[in-house]
Structures are given as C-alpha cells and as structure tokens.
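Structure, as structure tokens:
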Amino acid sequence: MNKQAASEKPYHHGDLHEKILCSACELLEENTVSSLSLRAVAKKVGVSHTAPYRHFKDKESLLAGIAAVGFDRLSAQLADAVAAFPDDPATQLQEAGHRYVQLALECPQCTQLMFGGILPCDDTYPALRASGDAAFDGLKQIIEDGQASGAFKTGDIELLALTAWSAIHGLSLLLVSGNLPEILSSMIDNRALTSAVTTTMLEGLKAHHSDI
C-alpha cells in the first residue's frame, strides 16, 4: 500500500451524504457560515478531505443542503404542532409559533442561513426550494383549516400565512440577535413573549360574526 492510500480515510460507511449533512449542521452552529468548510466537515466525519466532494460540488451546495435540513425540521415541527392539537387551528398556530422560535434559538446560524439571503432563492437548488415550499405549505394548511372551521376570517390564504410567518419570524430574529432585551422595558421569558405575539396575531386572524 502506498503512502497516499494509507493516509486516505475510508468514506464508504453508512449513508455518508446524511453523515456529512449532520456533521456540517453541528459545525455550523459551533462556528459561522463563513468559517465552515468541506475540509472541516470531512475531518469531523472522519473521511478524506476529498470525500465530501462526491456529494457536494462546493461549499454553497453544502450550505444549501444544510438549509434544506433546517426547513425539513421546521416542517416537522409544524406537523407536530398540528398533531398535538387536532381540530384546533388557533392553538395549532400558536404552538407552531412556539416551536418556530425555539428552533431558531437552538439553531441560530442555520436560521440565518435559511433566511439571510446567503443562498439563491431561485431553482438553483431544487431540494432546498422544495423544503422551503413544504414548510410554507404546512403553515398555509393550518390557515386553510382554520378558515374551513370558521375559526379564521376569509381571505387570501397565502397572504394570511405570510402575515403570520412574518410576525413569528421577526420575533425569532430579534431573539436570536440578542437585541430584544434592550427594546423591551421589562424582562419577559421567551415562551411568554411568543405567546403574547401569537395571541395578538391570532386576534387579527380570527373570524368575526360579520365574516361568517
């Protein structure tokens, strides 16, 4: 065996694609987008520095994969919120808000990657686009179910979903940035604050007698 072969680490173990993504997500939260590299990911996984390139052509494609994982996690949280409160769209939406904020706080670097304009918003990365659309579809389904049950007012579903998303996403970014304590006149824990914001948001979504 030559020295080059001896120094190469094996890469055919398990699902390397998923292992690379998992390790990249962990490294991202430990560092930043700018400092993340395929070489560092390869080292963490325990494979040769060339192995990741068999699955991701460059750093941007790896970042797109990480962002897609983030949207998949968000979709799962929305689905769990729906399952936890069947036939109660208002509570589903409030719980989804809590889970969204919690996910952003647990993975702030990934949140910035998903929404910070770092990656193209077109179809350059179909898997990323599909994951993002799926997350938004989950929110739209809650709104649609709320309209069908008479809990939410009628109106354009996409616009109402975007309004709800914007409110919770804005709160998430304020919390992630650490600037919120300077804005508020009193200290409020994250869950209570999220409840207050989602309650206010729900008041705008609720159907009134004149809407029914």
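Some observations on this one:
- Dividing the Cα radius of gyration of the range 70-139 by 2.2 N^0.38 Å, with N the residue count, gives 1.16.
- Every Cα-Cα pair in the range 13-56 was counted, and those over 15 Å apart are 31% of them.
- Centre separation in Å (Cα based) which lies between the range 26-41 and the range 123-172: 30
- Cysteines (scope the chain) whose Cβ has no counterpart Cys Cβ under 4.7 Å: Cys22, Cys25, Cys121
- Distances between placed amide hydrogens fall under 5 Å for Phe152 paired with Gln147, Ala207, all partners being 5 or more residues away or on another chain.
- In the range 67-211, taking the dipole from charged Cβ atoms about the Cα centre, the farthest positive-side position among Gln141, Ala192, Gly97 is held by Ala192.
- Sequence-ordered 3J(HN,Hα) estimates for the range 92-105 from the Karplus curve with 6.51, -1.76 and 1.60 and θ = phi - 60° stand at 4, 5, 5, 5, 4, x, 4, 5, 4, 4, 4, 5, 5, 6 Hz, glycine and proline given as x.
- Gain upon complete extension [Cys121, Ala148; 0.36 nm per residue less C-alpha separation]: 6.6 nm
- Stretching Phe85 away from Asp15 to a fully extended chain increases their span by 21.7 nm, per 0.36 nm per residue minus the current alpha-carbon distance.
- In nm, spacing of pseudo-spin labels at Ala196 and Glu158 (7 Å Cα→C-beta vector): 3.4
- Converting phi to 3J(HN,Hα) with the Karplus coefficients 6.51, -1.76 and 1.60 and the offset θ = phi - 60°, the range 54-64 yields 6, 10, 9, 5, 7, 5, 4, 5, 5, 4, 5 Hz in sequence order, with x at every glycine or proline.
- The range 81-166: relative contact order in percent, alpha carbon pairs under 8 Å with at least 6 residues between: 29
- Note that the chain, at 37 °C in a medium of 0.692 mPa s, gets a Stokes-Einstein diffusion coefficient of 172 µm²/s from its Kirkwood radius over C-alpha pairs.
- For the range 99-200, the Cα-based Rg and Dmax, in that order, read 15.4, 44 Å.
- Relative contact order, percent, the range 67-211 [alpha-carbon distance under 8 Å, six or more residues apart]: 32
Every number here is computed from the coordinates shown, using simple stated rules; none is lab data. What you see is a predicted model, and the numbers here were worked out from it, not measured in a lab. We place every Cβ from the backbone using ideal geometry, glycine too, and count neighbours over all the protein chains shown.
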